[in-house]
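Student: Take a look at the following structure, please.
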Amino acid sequence: MTMNEPKQLAVCLIAVLLAGRCTATETELHLRASEVLPPGLLQSSVHTVNEEVGLDRFLFVFEMESPFGVYRVTSVDMLRIRVHELQVLSRAKDISGMEEFAGSLKDSVVQVPIAVVDTVTSPVASVRKAGEGVKGKFASVGRFFSGRSKSEYEDSAVKEAVVGARKREVAAELGLDAYSTNPKVQQLLNHLARARALGAGPVRLAGMAAPPAVGWTLAMLRLRESVEDDLAQKPPGELHALNNDKLKKLGIHESAREAFLNNPSYSPRHKTVICANLDAMRDVDGKENFLLTTVMDDSEDDAFFAERQSDMILYYHKKVSRFERIERTERVPICLTKEGVMVVLAPLDLVVLYERSQGVLDALTEIARDIQARKVRIVVSGQATDACRKKLAESGIDLITNFPSSAEAEARER
């Protein structure tokens, strides 16, 4: 979608809605972990979430204490992953020959660097590039035609050659992400992988893995070709080639492929899941627009957000209403259904009113007119405050919360 000058403010406001920082107008909002989390995520034998909860970019920010360190965790979805990792780590002592190593996992407190960053660094400047064509726009970012960039999540070439296959094998058996940024997880995976590569030490891990805690992942596996085998069996270079081939067959412009696949803030897992989701929507036009919204992403939070967002888009397309095409407003993908409904989907924990909320709602309505949509719908994975629900209703905008759980419940009722 090409934006003219009057649309620049609208684009920036929507970018702020989903990615920026504003001053909340709901000043009486005090968030407590015991009020926003189910018991299993609030506390277990291996973790306790502190009661005070922050809110940044409509995502909860938690502080979690555990025997393995103190973690700052952004979003409920990431908290589920971290709790699962801690459950697996707690079982390390049960592996034969691991007693001494299990003790070393608890030697120091580690603050995992998952700080939220302001992703809208210069929205007006970037919007001016919107109509200049794909290659011209990407060239201004400077991530092109330089060969494959190694993700910051990847090991060195030497380490990958020696223990990479074993590490991915172990991670798959334990239900962990081989590219996790949790240093304790990496410490455990590296230790087990080296032992296997040398043919010595603990190699039998049956029964050690905790049950996966991320329910939406299980739902997604039923909608797309599973990526788990590829992640377990293929090194990063092969995943890169596989993902590039998928995007090429989808007709994605070379520069768009280069920009997305060479973004070092995206792990091989993030990229592989997103490519699989796009590949599962072959009948949807404008899939390249989703990749264009990721160009300026520069953190794990951004990458995980985009992965979850692609999950939500695919689920809505397959289970709720078929999308005809994907448009974009610079940083935000906007989907249009075959029935003419404009849908904005985002993995947000809590949507609240902000100083610019009315401007954002006006912008959404204007863009809907621009693309000839008959209705606007916002879909989030979390909740919205009563004041926000009321404001959206007054503006004629539909709101769906607790997605995809709410959609699954509705389907069961039907």
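Read the figures in this text as sums done on the coordinates, not as results from a lab. Every value quoted in this text rests on a predicted model; they were computed, and no experiment measured them. Note: ideal-geometry Cβ built from the backbone for every residue, glycine included; neighbour counts use all protein chains shown.
Student: For the pair Lys248 and Lys375, how long in nm is the line joining their label points, each one 7 Å along Cα→Cβ?
Tutor: 4.2 nm
Student: So which trypsin sites (Lys or Arg not before Pro) in segment 245-320 end up in coil per DSSP with only 12 or fewer other C-beta atoms within 10 Å?
Tutor: Here the sparse-neighbourhood loop sites are Arg282.
Student: Let me ask you something else. Cα centroids of segment 61-102 and segment 279-358: how far apart, whole angstrom?
Tutor: 31 Å
Student: Here is a follow-up. Using the count of nearby Cβ atoms within 10 Å as a rough guide to exposure, how do Lys338, Lys167 rank from fewest to most?
Tutor: Lys338, Lys167
Student: Okay, next question. Scan segment 361-404 for trypsin sites (Lys or Arg not before Pro) in coil per DSSP, keeping those whose Cβ has at most 12 other Cβ atoms within 10 Å, and list them by number.
Tutor: Of the trypsin sites (Lys or Arg not before Pro), the ones in loops of segment 361-404 whose Cβ has at most 12 other Cβ atoms within 10 Å are Arg374.
Student: Tell me which GluC sites (Glu not before Pro) from segment 35-68 have a DSSP coil assignment and no more than 16 other beta carbons within 10 Å of their own.
Tutor: Glu51
Student: If I stretch the segment between Val162 and Asp386 completely, what's the gain in nm (0.36 nm per residue apart, minus their alpha carbon distance), one decimal?
Tutor: Here the answer is 75.1 nm.
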